[in-house]
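Each remark here refers to the structure printed beneath this line.
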Amino acid sequence: MILSGPECATMAEVRAGVDQVDRELIALLRRRFDYMDAAARIKPARGHVRDEDRKAQVIANAADHAAATGLPAEAIAQLWDALVEASIAYELKAFDRRVTGS
């Protein structure tokens, strides 16, 4: 049984919880990248993949949500910047596959 953080009394329990959360995060990232596949399918031109205004909005939203839950907003903003950049790279590859058919 996976315990919540406050319930953990041993490092083994902490590690089991972290491993479970990591699996859940990967599943959520799969869902997020599925939206990148959809965006690559929907956007009419490769130049539309990178949208700096939308990137800034997504990062600001994440930082705001983080701060509201007591997480360090700056650290979350840095994580989300990396996530958005990885998403853009993934979407560019998906767009190119769509266009070239390979």
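Throughout, read-outs are computed from the coordinates displayed, never taken from laboratory work. Computed from a prediction, not measured in an experiment: that's the story for all the values here. Cβ coordinates were reconstructed from backbone atoms using ideal geometry, including for glycine residues, and neighbour counts include every protein chain displayed.
General observations
- Size descriptor for region 21-64, Kirkwood hydrodynamic radius: 12.1 Å (Cα pairs only, one decimal).
- Only helical runs count toward this figure. For the chain, summing -39,500 (n - 2.57) over DSSP H runs of n ≥ 4 and dividing by all residues gives -27000 deg cm²/dmol at 222 nm.
- Region 5-100: C-alpha gyration tensor shape, a/c 1.5 cut-off, then a/b vs b/c: oblate
- You can think of it this way: the chain between residue 31 and residue 60 has 8.4 nm of extra reach, that is 0.36 nm per residue less the Cα-Cα gap.
- Simple spin-label estimate for residue 9 and residue 38 gives 4.5 nm between the two label positions (7 Å along the Cα-to-Cβ direction from each Cα).
- FRET efficiency estimate (nearest 0.05) - Cβ-Cβ, residue 81 to residue 24, R0 25 angstrom: 0.70
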